[in-house]
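These notes are about the structure you will find just below.
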């Protein structure tokens, strides 16, 4: 599917109780990094459970363009034969990332210390997103930005220095993508590259780099500030990776089961990395019935099985320090808050304004169009919920090519008095292509708008 394909409106109607087992696709963050690091490492990396959404498949194509040999066997396991650290090939064509901010920023960091031109392109949504936060530290390492659109936006062409300089870089905002880009740039840089992280963000890059054999250490000082050091020009070795279920995708099914009366849904094998479970913590504070069972370790990451039962939710105040562990989940949290008793106030969420869309504005306009009382500031958001959903729905939501906006508002429609329509369901394929079939299997009333 191309993001230039004709829009495909989708509607969700008030649904009966959801029931069954929901198998969620593989985690997107780990999927991206599995392909990137597998393509860089020496030898064979096997990846089972890879998320085969458009975002990750763009990373597959880019890794191939840089010299990796990637195939899928008869059992669906991906086989990645990497180039070896420092041996990526100069791409012959611009690198297309579609809607994938994660893929684009990670590969931009990786290629920022290679002595050749790399051009990064994407769809209109990705092309509107700022890349300065990645390019600024790369410039400090000697990377030249040959060409970029206004405000360091795509298309961007970079050329790494033949003598890249290791840096000590303090990330100015909580961002796993910025941290990861600098660490990946450090892999092809002589000496020690250090990232200073005042607020911990998802740590998949650190864990996976260590798993692939990078010389990496993490030190947390007395103020809780993390110092992450990676030694450049070492060898990475192919690994066997099993990708757990994506908690950001599971979030939509969790909230649907909570707000649709009578529902009970089991979700097996969900990633429970503490940097990714802010939404679950928040929902539990709101009174959600979420049983977390069979905790176990797989590939260095904690996973667990969840059983979610419909619940009466209450509004809460979501502290700003939690935002890093749930930054992608605020749109669906806003839907849960719409059916809670009382207001839910979310602090320090300004980062949402530079996601696939201005997600704060998109959520606010979507809720208003469907009768939900809300208010927004530059970096805060408040939803004043009504548990019965009476009067909700009846509107069409502008998704701005944003998959999480589309999915969130379809969940809203499943618990509202009237149907909710999103203007385009196509972007859902970027991260969760099984979303609509899975919800129908659980009993949802959802489908293409007529």
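Across region 323-339, the number of residues qualifying as buried (at least 24 other Cβ atoms within 10 Å of the Cβ) and either in contact with a strand residue (DSSP E or B) (Cβ under 9 Å, 6 or more places away or on another chain) or more than 25 Å from residue 100 (Cβ to Cβ) (or both) comes to 9.
Matching residues to (1) farther than 20 Å from residue 129 by Cα; (2) at pLDDT 95 or above; (3) surrounded by fewer than 23 Cβ atoms within 10 Å (Cβ to Cβ):
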{"site": "16", "(1), (2), (3)": "yes, yes, yes"}
{"site": "35", "(1), (2), (3)": "yes, yes, no"}
{"site": "62", "(1), (2), (3)": "no, yes, no"}
{"site": "70", "(1), (2), (3)": "yes, yes, yes"}
{"site": "85", "(1), (2), (3)": "yes, yes, yes"}
{"site": "89", "(1), (2), (3)": "yes, yes, yes"}
{"site": "93", "(1), (2), (3)": "yes, yes, yes"}
{"site": "107", "(1), (2), (3)": "no, yes, no"}
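Among all positions in region 354-361, there is at least one residue which is modelled with pLDDT under 95, closer than 27 Å to residue 209 by Cβ and outside any loop (DSSP other than H, G, I, E, B). The residue list 387, 437, 433, 427 contains one member that is in the same structural domain as residue 311 (by TED's automatic domain parsing) and without any contact (Cβ under 8 Å) to a residue 24 or more places away in the chain, which is 437. Tell me, which residue of region 300-322 that is at pLDDT below 95 and in contact with a strand residue (DSSP E or B) (Cβ under 7 Å, 6 or more places away or on another chain) is nearest to residue 288 (Cα to Cα)? Here the residue is 303. The number of residues in region 121-146 that are part of a strand (DSSP E or B) and crowded, with 16+ Cβ neighbours inside 10 Å comes to 2.
Residues checked against (1) in a helix (DSSP H, G or I); (2) in contact with a helix residue (DSSP H, G or I) (Cβ under 9 Å, 6 or more places away or on another chain); (3) assigned by TED's automatic domain parsing to the domain that holds residue 249; (4) free of Cβ contacts under 8 Å to residues at least 12 places away in the same chain:
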residue	(1), (2), (3), (4)
296	no, no, yes, yes
304	no, no, yes, no
321	yes, no, yes, no
328	yes, yes, yes, no
348	no, yes, yes, no
379	no, yes, yes, no
392	no, yes, yes, no
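Across region 266-287, the qualifying residues are those that are surrounded by fewer than 24 Cβ atoms within 10 Å (Cβ to Cβ) and touching a helix residue (DSSP H, G or I) at 6+ places or on another chain (Cβ under 6 Å), and the one among them that is nearest to residue 316 (Cα to Cα) is 278.
Residue check, residue 240 against (1) surrounded by 17 or more Cβ atoms within 10 Å (Cβ to Cβ); (2) at pLDDT below 95, all met but one. Which one? The failed condition is (1). Of the strands (runs of 3 or more DSSP E) lying entirely inside region 1-103, those containing at least 2 residues that are over 21 Å from residue 214 (Cβ atoms) and in contact with a helix residue (DSSP H, G or I) (Cβ under 8 Å, 6 or more places away or on another chain) are 10-13, 19-21.
The values are calculated or read from the model by the stated rules, or taken from the named source; none is laboratory data. Keep in mind the model is a prediction, meaning the values are calculated, not measured. Every residue, glycine as well, gets a Cβ built from its backbone with ideal geometry; the counts of neighbours run over all protein chains shown.
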